[in-house]
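K.L.:
Attaching a single structure in structure tokens format; questions to follow.
The values are calculated or read from the model by the stated rules, or taken from the named source; none is laboratory data. Please read these numbers as outputs of a predicted model, since none were measured by experiment. FYI the Cβ positions are ideal-geometry reconstructions off the backbone, even for glycines, and counts take in every protein chain you see. Side chains are part of the model used for accessible areas, which takes the heavy atoms of the whole protein and leaves out ligands, DNA and RNA. Shrake-Rupley method; radii C 1.70, N 1.55, O 1.52, S 1.80 Å.
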Amino acid sequence: MTLKKNYAGILGTGFYVPEKILTNDDLSKIVDTSDEWITERTGIKERRIAADDEATSDLAIKAAESALKDAGVTPDELDLIVVCTLTSDRIVPSTACMIQHRLGAKKAAAFDLSAACSGFAYGLSVASQFIETGVYSKALVIGAEALSKYINWEDRNTCVLFGDGAGAAVIGNVEEGYGILSFDLGSDGSGGDAIQIPSSGSRLPVSKETIDQRLNLIHMNGKDVFKFAVKAMGNTVKHSLEKIDMPQEKIDWLVPHQANIRIIQSAAKRLDMPMDKVILTVQKYGNMSAACIPIALAEAASEKRFKKGDIIALSGFGAGLTWASCIIRWSKDN
Ligand code: UT7
């Protein structure tokens, strides 16, 4: 274990999901699917869909304001804003800069981080380095997605899985021995084709032809991702624990990426964790990529499920391919 100068932890959390609910029954009227199939294969019952005029930054700002309020931190105290997203409002400028401006966080540096569904655990690990080294004292990490804008509503393999939302956490100094104790970040670009938006950048710029072929929307090989995910989720938590010599029985709560209940159950089994210690939102929000983990964390915190000293494991996997986990000793009083 490395000796830390400062301990970085979560000072406050917040989340926001759009008002519009799309149920499995609603989807069965659009594509050839059923509530039974979606529930059995994924655990998802419904998901939230952003309004036509609602972009990722609109969701992110609400989550950010709620997290700042929970932390008792004002925007002008922020040194850094990291927005983890794969659905930024525009390629340029970054969504983080939009949030910086809308919050009035005058002294904050701001950048977007692209690690798909592992994004929030990546962002938390990056931001915590600035706090631990004493370079910065307050950071805002947001996971926000408007995935519905990239869904092919004719593809039943993908359109039933995704939803929109945003979660945020304010990071700052906490008592010695608390906060983010360890993290594990990983990547395997050889699996990059498994989840992709083929026409979305300089390789194949968006054109009338690519839009006609739906190449500007999410394409996924679900089976390949599933096989990767069941191993990655448990393994990354084990790697984080090894770094601090912590046995896995010490984990009080698992906050996993919420792609599929079967993937979550398999990760919990690998970690010998009963499902009542796993925070679940998949049934009501579906897969919101980088927003899943911070929303699950913020919702559980708002329900006062965590008590000071609890060990919380965050675990994510996603496009890239990427995986990431963090072990946190919860530092807030209820
Ligand atoms: O955040 C990371 C991103 N993604 C993921 O984590 C996704 C990981 N993968 C999965 O969650 C699962 O692989 C899926 C939920 C995507 C698919 O579940 P599956 O049990 O792997 O189903 P499958 O792809 O093997 O498909 C089984 C059958 C197929 O029909 P045939 O070929 O057996 O006749 C599919 O065409 O189910 C069919 N199918 C559907 N049927 C009704 C696929 N999607 C649907 C649907 N409704 N929505």
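K.L.:
Could you say which residue among E54, E65 is under 16 Å from F162 (Cβ atoms) and at pLDDT 95 or above? Walk me through how you get there before you give the answer.
P.N.:
Values: E65 fails: under 16 Å from F162 (Cβ atoms).
Residue meeting the stated conditions: E54.
K.L.:
Kindly evaluate A127 against the criterion of being assigned to a loop (DSSP other than H, G, I, E, B), buried (at least 23 other Cβ atoms within 10 Å of the Cβ) and in contact (Cβ under 8 Å) with a residue 12 or more places away in the chain.
P.N.:
So A127 fails the test.
K.L.:
Please state which one of D155, D164, D188, D212 is closer than 27 Å to A51 by Cβ and in the same structural domain as A291 (by TED's automatic domain parsing).
P.N.:
Exactly one residue qualifies, and that residue is D212.
K.L.:
Now for a different question. Please work out which residue is nearest to the ligand (Cβ to nearest atom), limiting yourself to region 279-309 and to residues that are open to solvent by less than 10 Å² (accessible area, probe 1.4 Å) and not hydrophobic (A, V, I, L, M, F, W, C).
P.N.:
Of all residues in region 279-309, those open to solvent by less than 10 Å² (accessible area, probe 1.4 Å) come to 279, 281-282, 286, 288-298, 300, 306.
Filter once more, so that each one left must be not hydrophobic (A, V, I, L, M, F, W, C): 281, 286, 289, 294.
Details: T281: 13, G286: 10, S289: 6, P294: 14 Å.
Ranking the qualifying residues of region 279-309, first place goes to S289.
K.L.:
Turning to a different aspect of this structure: Among the listed residues A121, A139, identify the single one that is hydrophobic (A, V, I, L, M, F, W, C), assigned to a strand (DSSP E or B) and closer than 26 Å to D58 by Cβ.
P.N.:
Every option except A139 fails the conditions.
K.L.:
Next question. It is to be established whether one or more residues within region 94-109 are closer than 21 Å to N216 by Cβ, away from the ligand (no atom under 16 Å from the Cβ) and without any contact (Cβ under 8 Å) to a residue 24 or more places away in the chain.
P.N.:
yes
K.L.:
Same structure, new question: Could you count how many residues in region 22-45 are near the ligand (Cβ under 9 Å from one of its atoms), open to solvent by 20 Å² or more (accessible area, probe 1.4 Å) and among the aliphatic types (A, V, I, L, M)?
P.N.:
So the answer is 0.
K.L.:
Kindly state which strands (runs of 3 or more DSSP E) lie completely within region 147-259 and contain at least 2 residues that are at pLDDT below 95, in contact with a His (Cβ under 9 Å, 6 or more places away or on another chain) and closer than 25 Å to I99 by Cβ.
P.N.:
none
K.L.:
With A232, A166, A194 as the choices, which residue is surrounded by 13 or more Cβ atoms within 10 Å (Cβ to Cβ), more than 13 Å from the ligand (Cβ to nearest atom) and of a type in the set (A, V, I, L, M, F, W, C)?
P.N.:
Just one listed residue meets the conditions, A166.
K.L.:
Which of the residues that make up region 136-163 are surrounded by 17 or more Cβ atoms within 10 Å (Cβ to Cβ) and among the acidic types (D, E)?
P.N.:
Within region 136-163, just E145 meets the criteria.
K.L.:
Can you list the helices (runs of 4 or more DSSP H) found entirely within region 1-98 that contain at least 3 residues being within 18 Å of A146 (Cβ to Cβ) and assigned by TED's automatic domain parsing to the domain that holds K149?
P.N.:
Per the criteria, 56-71.
K.L.:
Here is a list: I312, I263. Which entry is at pLDDT 95 or above, part of a helix (DSSP H, G or I) and open to solvent by less than 40 Å² (accessible area, probe 1.4 Å)?
P.N.:
Unique residue meeting the criteria: I263.
K.L.:
Could I ask something else about it? Considering only residues that are among the basic types (K, R) and within 20 Å of Q258 (Cα to Cα), which ones fall in region 103-151?
P.N.:
K149
K.L.:
Is there a residue being touching a helix residue (DSSP H, G or I) at 6+ places or on another chain (Cβ under 8 Å) and open to solvent by 10 Å² or more (accessible area, probe 1.4 Å) anywhere in region 90-97?
P.N.:
no
K.L.:
Tell me the residue from R203, R102, R156 that is among the basic types (K, R) and within 25 Å of T13 (Cβ to Cβ), please. Before you say what the answer is, go through the steps one by one.
P.N.:
On the way: R203 fails: within 25 Å of T13 (Cβ to Cβ); R156 fails: within 25 Å of T13 (Cβ to Cβ).
Checking each option against the conditions leaves just R102.
K.L.:
Show the residue pairs meeting these rules: Cβ distance below 8 Å; 6+ apart or different chains; first residue within region 208-229 and open to solvent by 50 Å² or more (accessible area, probe 1.4 Å); second residue more than 9 Å from the ligand (Cβ to nearest atom) and part of a helix (DSSP H, G or I).
P.N.:
That search, which allows pairs on different chains as well, returns N221/D193; D224/G191.
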